[in-house]
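Beneath this line is the structure, given in C-alpha cells, with notes to follow.
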Amino acid sequence: MPAIDPDLKKAIVRMPSNEKDKLLLRLIAKDAVLTEKLQFELVEHSTTLDERRELIREFIRRTAQLNQDSAGWLMMDMRTIIGYISRHLKVTKDKYGEVDLMLYMLNTLYEHNAHLLQKYNSRTDKAADYIAKRTDQLLKKVAKLDPDYHIEFADEINKLLSWVNYAAPAHYARQLGLPKEWEI
C-alpha cells in the first residue's frame, strides 16, 4: 500500500469533522473484514469470542457430516473452513482459537471421512499433502502459544498425529519430519 502524501495528510486533518466522519464510514464499508473487526471490538466489546468459535465449530460439524465421495472434495471443504478460521483470526486476533479450531477441524473431518484417506494413492495425493502441511503449521502455531496451553491440546494433537502418520498423509508427514507423538 503506497504511503499517503504528507500534503494530503495535512488536508485531511484540516477537513471538518462531519466530512471526515462521512469519508471514514464510506472507506470502512468497503472493507468487510475491517467492518467486522470494528463491530467485534467497538460494539461487541470483544465479548462474543466464544460464540464466534462455536459458530465455526458448528460449521465444521455440519461439513464433516456431508459424507464426501472423494478426498478432493474433502480438501475443498478444509480450504473453505480454513478461510473461516483465518477470517476469525483477522477479526479477533484469537491465536488460541485458531489453533483450537484448526485442530478440531482436522480431527473431526478425519473421524467422519477416514475411509477417504486410509491409503495413499493418486486420488488422495493432494489431500494428503494438504493435511500434512496443515498439521505442520498447527504444531508450529501451538509451539508459539503459552506452554500452559500445551497440556490442553496434547491429547487432540496426539490423536491427529497418530492418523496423519499412519494413513494417506504418512508419506508427506515423513517428508516434513512430523513427530509420531507430540511431547509437552
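The values are calculated or read from the model by the stated rules, or taken from the named source; none is laboratory data. Everything numeric in this text was worked out from a predicted model, so none of it was measured. Methodologically, a virtual Cβ is constructed for each residue, glycine included, from the backbone with ideal geometry; neighbour enumeration extends over all protein chains shown. Heads up: the accessible areas ignore ligands, DNA and RNA and are worked out on the full protein's heavy atoms, side chains in. Shrake-Rupley method; radii C 1.70, N 1.55, O 1.52, S 1.80 Å.
The table for this structure:
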| item | result |
| --- | --- |
| Selection within segment 126-139 - charged (D, E, K, R), surrounded by fewer than 17 Cβ atoms within 10 Å (Cβ to Cβ) and out of contact with any Gly (no Cβ under 9 Å at 6 or more places or on another chain) | Lys133 |
| Filtered residue count, segment 9-33, keeping only those that are under 30 Å from Ile85 (Cβ atoms) and either touching a helix residue (DSSP H, G or I) at 6+ places or on another chain (Cβ under 8 Å) or open to solvent by 90 Å² or more (accessible area, probe 1.4 Å) (or both) | 8 |
| So Ala114, is it over 21 Å from Glu54 (Cα atoms), surrounded by 21 or more Cβ atoms within 10 Å (Cβ to Cβ) and not β-branched (Val, Ile, Thr) | no |
| Selection from segment 133-163 of residues that are in contact with a Pro (Cβ under 9 Å, 6 or more places away or on another chain) and closer than 19 Å to Lys93 by Cα | Leu139 |
| Cross-chain or 6+ apart pairs with Cβ under 6 Å, segment 14-25 first and in contact (Cβ under 8 Å) with a residue 24 or more places away in the chain, then surrounded by 10 or more Cβ atoms within 10 Å (Cβ to Cβ) | none |
| Any hit, segment 112-127, residues being in contact with a Ser or Thr (Cβ under 7 Å, 6 or more places away or on another chain) and not aliphatic (A, V, I, L, M) | yes |
| Residue check for Gly83: among the small types (Gly, Ala, Ser) and touching a Leu at 6+ places or on another chain (Cβ under 9 Å) | no |
| Unmet criterion (only one of (1) touching a His at 6+ places or on another chain (Cβ under 7 Å); (2) farther than 30 Å from Lys126 by Cα) for Ala11 | (1) |
| Failed condition for Val13, given (1) aliphatic (A, V, I, L, M); (2) modelled with pLDDT of 95 or more; (3) out of contact with any Asp or Glu (no Cβ under 6 Å at 6 or more places or on another chain) | (2) |
| Any hit, segment 116-126, residues being assigned to a helix (DSSP H, G or I) and either of a type in the set (Lys, Arg) or at pLDDT 95 or above (or both) | yes |
| Residues located in segment 154-175, provided they are farther than 23 Å from Thr124 by Cβ and either open to solvent by less than 10 Å² (accessible area, probe 1.4 Å) or touching a residue at least 24 places away in the same chain (Cβ under 8 Å) (or both) | Ala154 |
| Failed item, numbered, when Ile151 is tested on (1) open to solvent by 10 Å² or more (accessible area, probe 1.4 Å); (2) over 21 Å from Ile184 (Cα atoms) | (2) |
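So that you can scan it fast, the table gives a plain yes or no per residue for (1) closer than 17 Å to Ile85 by Cα; (2) at pLDDT 90 or above; (3) open to solvent by less than 60 Å² (accessible area, probe 1.4 Å):
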{"residue": "Lys37", "(1), (2), (3)": "yes, yes, yes"}
{"residue": "Val43", "(1), (2), (3)": "no, yes, no"}
{"residue": "Thr47", "(1), (2), (3)": "no, yes, no"}
{"residue": "Ile56", "(1), (2), (3)": "yes, yes, yes"}
{"residue": "Asn67", "(1), (2), (3)": "no, no, no"}
